[in-house]
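Shown next, in structure tokens, is the structure this report addresses.
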Amino acid sequence: MKAVRRLAASRAEQNDFSKGAVWRNILRLALPMTVAQLIQVLYSVVDRIYIGHLPGTSSLALTGVGLTFPILTMITAFTNLFGMGGAPLCSIARGKKDDAQAEKIMGNTLTLLLGAGVVLMAVGFAFRRPILYLFGASDVTYPYADQYLTVYLCGTLFSMVGLGMNGFINAQGFAKYGMLTITLGAVTNILLDPLFIFVFGMGVRGAALATVLSQLLSAVWVLRFLMGPKALLRLRRKNLALSLPLVGRIVGLGMSGFIMAVTNGLCQIVCNSTLQLYGGDLYVGVMTVLNSVREVFSLPVTGITNGAQPVMGYNYGAQKYHRVKEGILFTTVVNVLYTVAVWIVVMLIPEPFIRLFNSDPGLLEAGKQALKIYFFGYFMMSLQFSGQAVFVALGKSRHAVFFSLLRKAFIVVPLTLLLPRLWNLGVDGVFLAEPISNFIGGLCCFVTMMLVVWRKLGEDQETPMPEKN
């Protein structure tokens, strides 16, 4: 028993984010998390790569799968609502040395994920046909969308538990184990995709089945770790019973990630419908490719911000405010430098990124122009991510929710509907809405964070800085 206690104490000290260089703590979490997210994206991106090269039907099949994105995004939204709400609260509780509360947060989060997963799966099965047509499907592309979605919905619980609870592994400082969660599923998916799609001739259904089985393995890994001896905080049956005040705190903080995902889904719906009106199935396929490229390029930014959140939240709970400021500064500088580099590369050589997903000549030509417009001023997006990460890490849910809504719901959606009608912009107007939202939304979010948070983070104090959400 003494040896077990010593081991636990050693792990707790190693994962004490109030010690050591802040940038090193962030990178220690961010690098494995970035790799994990890269692998996570491979779940869907690999599907699209294979589907985009199906003989004879590549463009239509790729467009059909792209039409399911808003529904998959909605599943992600509820995963964020509970997972991204619970994990930062867990980090803050750890910083306050309140492990009992941290475990209660973790147990309640699992219950919420399971309940939401059942409801989403049932609703998806019942209404998938009218929803897909509403999202821009045509009679030609609907069969591919339906085949993919019908199988994918069967794995809703696996997806939500694996992704939503993995944040609690990272919140305890075990970023490498969090990376292994995603690695296990993604490697399985990469191996199964060509087998099911081409060898067994299952096509789009095979891609979805490979994803579901991969997500199942990831979910099992997460639950085994959080219930096992290596975890500092463990899942316990007594903590699964919901506490309404705690649910309110989880949902309140997770609302930012939820709204961000929901508004992303809303943007996808509006973009696909508008592109169908002005450009047809070809441009819906182009938007599928653009979303795929953006997912890949955004990974290091989300990796750094997600790695910084536990560090900033822990130090905020421990009243080490100067360390919180160090975390903000490091995160912002790294994100801006990276996104400037990406912007330059995309402007210079757009074609290879399109060709990765599809080699149809028409889609390639349309995609190159669209990619340059879509990624213009890409570095401004990093300011939104950096500011948003600070609000979430410090529990400032109202600010996080507002800026999640501002960029997508209040800027992108209206511009997507308006710009194609102005100056004969057509489909270019749809793609132009994204960079405009990055400039306005990113600047507003970051400046507000500096005024609301940075200015009030003085020297370390005896009492916590007052919360003003």
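The values are calculated or read from the model by the stated rules, or taken from the named source; none is laboratory data. Just so we're clear, the structure is a prediction, and the values are computed from it rather than from any experiment. Positions of Cβ are backbone-derived with ideal geometry, glycine not excepted, and every protein chain shown enters the neighbour counts. We work out accessible area using only protein heavy atoms, side chains counted, and drop any ligands, DNA or RNA first. Shrake-Rupley method; radii C 1.70, N 1.55, O 1.52, S 1.80 Å.
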Any chance the range 263-280 includes a residue that's buried (at least 24 other Cβ atoms within 10 Å of the Cβ), out of contact with any Pro (no Cβ under 9 Å at 6 or more places or on another chain) and under 22 Å from GLY303 (Cα atoms)? no
For the range 218-235, which residues satisfy the criterion of being free of Cβ contacts under 8 Å to residues at least 24 places away in the same chain and closer than 16 Å to CYS90 by Cβ? MET227
Flagged pairs (Cβ under 7 angstrom, 6 or more apart or on separate chains; first in the range 55-66, within 20 Å of ARG129 (Cβ to Cβ); second modelled with pLDDT under 65) are none
Select from the range 105-135 the residues that are open to solvent by less than 30 Å² (accessible area, probe 1.4 Å) and under 21 Å from LEU246 (Cβ atoms) and list them in ascending order. ILE105, MET106, GLY107, ASN108, THR109, LEU110, LEU112, LEU113, ALA116, GLY117
Which of the residues spanning the range 136-165 are open to solvent by 10 Å² or more (accessible area, probe 1.4 Å), part of a helix (DSSP H, G or I) and not β-branched (Val, Ile, Thr)? TYR142, PRO143, TYR144, ASP146, GLN147, TYR152, CYS154, LEU157, PHE158, SER159, LEU163
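Could you list, in sequence order, the residues of the range 342-368 that are over 26 Å from the mean Cα position of the chain (by Cα), surrounded by fewer than 16 Cβ atoms within 10 Å (Cβ to Cβ) and part of a helix (DSSP H, G or I)? Steps first, answer last, please.
Residues of the range 342-368 that are over 26 Å from the mean Cα position of the chain (by Cα), as a first pass: 348-349, 359-366.
Next, only the ones that are surrounded by fewer than 16 Cβ atoms within 10 Å (Cβ to Cβ) stay: 348-349, 359, 361-362, 365.
If the condition is that a residue be over 26 Å from the mean Cα position of the chain (by Cα), surrounded by fewer than 16 Cβ atoms within 10 Å (Cβ to Cβ) and part of a helix (DSSP H, G or I), then LEU348, PRO361, GLY362, GLU365 are the ones that fit.
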Odd one out for GLY228, checked against (1) open to solvent by less than 20 Å² (accessible area, probe 1.4 Å); (2) in contact with a helix residue (DSSP H, G or I) (Cβ under 6 Å, 6 or more places away or on another chain): (2)
Among the residues of the range 316-335, write down those that are at pLDDT below 80 and polar (S, T, N, Q). GLN319
Between a residue in the range 439-452 that is in contact (Cβ under 8 Å) with a residue 40 or more places away in the chain and any residue that is part of a helix (DSSP H, G or I) and aromatic (Phe, Trp, Tyr), which pairs come within a Cβ distance under 6 Å, given they are 6 or more apart or on different chains? CYS445/PHE403
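Of these, THR68, THR73, THR63, which one is crowded, with 24+ Cβ neighbours inside 10 Å, of a type in the set (Ser, Thr, Tyr) and at pLDDT 80 or above?
Details: THR73 fails: crowded, with 24+ Cβ neighbours inside 10 Å; THR63 fails: at pLDDT 80 or above.
Result: THR68 is the single residue among THR68, THR73, THR63 that is crowded, with 24+ Cβ neighbours inside 10 Å, of a type in the set (Ser, Thr, Tyr) and at pLDDT 80 or above.
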Filter the range 119-134 down to the residues that are modelled with pLDDT under 90 and of a type in the set (Lys, Arg) and list them by number. ARG128
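Which ones in the range 198-221 are aliphatic (A, V, I, L, M) and surrounded by fewer than 21 Cβ atoms within 10 Å (Cβ to Cβ)?
Step one: list which residues in the range 198-221 are aliphatic (A, V, I, L, M), which gives 199, 202, 204, 207-210, 212-213, 216-217, 219-220.
VAL199, MET202, VAL212, LEU213, LEU216, LEU217, VAL220, listed by residue number.
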Breaking point among (1) touching a residue at least 24 places away in the same chain (Cβ under 8 Å); (2) not in a helix (DSSP H, G or I), for ALA116: (2)
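Just to be sure I understand, how many residues within the range 325-341 are without any contact (Cβ under 8 Å) to a residue 60 or more places away in the chain and buried (at least 21 other Cβ atoms within 10 Å of the Cβ)? Steps first, answer last, please.
Our first condition is that a residue be without any contact (Cβ under 8 Å) to a residue 60 or more places away in the chain; within the range 325-341, this holds for 329, 333-341.
Still in the running and buried (at least 21 other Cβ atoms within 10 Å of the Cβ): 334-335, 339.
Residues flagged as without any contact (Cβ under 8 Å) to a residue 60 or more places away in the chain and buried (at least 21 other Cβ atoms within 10 Å of the Cβ) within the range 325-341 amount to 3.
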From LEU418, LEU405, LEU425, residue being open to solvent by 10 Å² or more (accessible area, probe 1.4 Å), of a type outside the set (D, E, K, R), without any contact (Cβ under 8 Å) to a residue 24 or more places away in the chain and in a helix (DSSP H, G or I): LEU418
Tell me, yes or no, whether the range 85-104 has at least one residue that is out of contact with any Gly (no Cβ under 7 Å at 6 or more places or on another chain), under 30 Å from ALA208 (Cβ atoms) and aliphatic (A, V, I, L, M). no
Is it the case that some residue within the range 403-417 is more than 18 Å from the chain's Cα centre (by Cα) and closer than 23 Å to ASN315 by Cβ? no
Could you please let me know if GLY313 is buried (at least 17 other Cβ atoms within 10 Å of the Cβ), in contact with a Pro (Cβ under 6 Å, 6 or more places away or on another chain) and more than 20 Å from ALA433 (Cβ to Cβ)? yes
